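These notes are about the structure you will find just below.
The values are calculated or read from the model by the stated rules, or taken from the named source; none is laboratory data. Note that the coordinates shown come from a computational prediction; the quantities given were computed from them, not determined experimentally. Ideal geometry is used to build each Cβ from the backbone, glycine not excepted, and the neighbour counts take in all protein chains shown.
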Amino acid sequence: METMKDEYMVSGDGRKPRLITPPKACETHSHIFGPADKYPRIPGRKPSYGASIEAYETMLKRLGIERCVIVQPSLYSTDNRCTLDAIAHLGQSRARGVAVTKKDIGRSELQQLQDAGMRGLRFYLIVDDFVMGDAPEMARRIAPFGWHLQVQDRGNWLPEAIPLLEKLPVDIVIDHVGRTPPENGVNDPGFRALLRFMETGRCWVKISAPYLVSNDGPPRYADVGDKVRALVSVRPDRLVWAANWPHPNHAPGNKPEEADCLDVLLDWVPDTAVRNAILADNPGILYGFG
């Protein structure tokens with residue numbers, strides 16, 4: 001992919017983590033922002049900086065991560081070219097993707113995305129590409145491909161969303177530990193509903209972006225750790241980890257340290273076998289790495 005020009009570039013540099021990752025470790029949620037003249041951006045959507053595939057590779061190498069999942073950012077809406085090019089650059093032995101599509105997408109186009117490495121459909125409900133009411137029809141379309149529906153919202157959204165999601169004919173992936181209000185902790189009604197949904201085995205949760213759901217903050221994110229321990233106690237086989245690089249909610253030059261977000265697993269998931277499953281085995285199954 002081309003080098004960025006004339007805009008701020010997010011770096012893949014930082015410290016090395018204390019945690020030693022297992023073979024086939026997988027980072028399951030990051031975005032690539034290519035040159036604006038090659039990949040047109042949706043007006044009014046953020047961020048405005050660049051995040052190259054080369055910088056992302058630098059970050060993965062620093063963390064000891066072999067595999068990854070590139071998630072289509074809201075910046076490009078349904079134009080998946082930048083994400084597809086990133087997957088092609090890395091190769092499908094290392095990379096998978098999660099797409100955003102038009103609501104009327106047909107089987108042949110879905111097959112093309114499948115062949116290019118896509119394994120899920122993103123419902124980022126903070127923008128208007130989809131609303132929750134679109135979920136039943138889109139789940140029907142993606143079900144023949146074995147894709148999952150990846151869903152993110154914020155606030156008190158889960159109690160209303162889960163009754164709809166649990167009826168769908170596909171697995172559900174919930175981003176960023178659910179993004180439930182941090183002040184409510186593990187007793188938040190939405191988080192309790194998420195734990196019950198996880199018990200079914202059809203709901204996966206990403207341990208990611210703790211800075212979005214923490215009042216305690218780095219480097220320990222202790223309040224998020226309480227939630228992760230609760231998730232582990234229910235279905236450790238339905239958890240995956242992600243860096244959320246390049247941290248789109250943060251201003252350029254003020255990104256969180258990815259090694260902090262990885263090292264907290266030493267405290268949150270002290271059992272090495274369980275932790276290695278979260279880092280390698282579980283995403284291998286979810287994203288079809290084989």
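Among the residues of this structure, Gly14 does not count as one that is more than 18 Å from the chain's Cα centre (by Cα), buried (at least 21 other Cβ atoms within 10 Å of the Cβ) and more than 20 Å from Leu286 (Cβ to Cβ). Would you confirm, using the coordinates I've provided, whether Val69 is modelled with pLDDT of 95 or more and aliphatic (A, V, I, L, M)? Yes, satisfied. Taken together, the criteria place Thr78 among residues that are over 15 Å from the mean Cα position of the chain (by Cα) and surrounded by fewer than 22 Cβ atoms within 10 Å (Cβ to Cβ). Checking Asn244, Asn282, Asn254 one by one, the residue that is within 30 Å of Gly34 (Cβ to Cβ) and out of contact with any Leu (no Cβ under 9 Å at 6 or more places or on another chain) is Asn254 and no other. All told, Lys61 falls short of being within 30 Å of Ile162 (Cβ to Cβ) and either free of Cβ contacts under 8 Å to residues at least 60 places away in the same chain or within 19 Å of the chain's Cα centre (by Cα) (or both). Would region 18-39 turn up any residue that is aliphatic (A, V, I, L, M), free of Cβ contacts under 8 Å to residues at least 60 places away in the same chain, closer than 25 Å to Ile207 by Cβ and in a loop (DSSP other than H, G, I, E, B)? Within region 18-39, one or more residues are aliphatic (A, V, I, L, M), free of Cβ contacts under 8 Å to residues at least 60 places away in the same chain, closer than 25 Å to Ile207 by Cβ and in a loop (DSSP other than H, G, I, E, B).
Of the helices (runs of 4 or more DSSP H) that lie entirely inside region 244-287, those containing 3 or more residues that are over 22 Å from Val10 (Cβ atoms), modelled with pLDDT of 95 or more and out of contact with any Asp or Glu (no Cβ under 6 Å at 6 or more places or on another chain) span 265-268, 272-276, 282-286. Comparison of Ser208, Ser233 shows that the only residue that is under 18 Å from Leu125 (Cα atoms) and either surrounded by fewer than 14 Cβ atoms within 10 Å (Cβ to Cβ) or of a type in the set (S, T, N, Q) (or both) is Ser208. Pairing residues of region 203-224 that are closer than 16 Å to Val173 by Cα with residues that are assigned to a loop (DSSP other than H, G, I, E, B), at Cβ distances under 6 Å and at least 6 apart in sequence or on separate chains, gives Lys206/Asp175; Lys206/Ala242; Ser208/Ala242; Ser208/Asn244; Ala209/Asn244.
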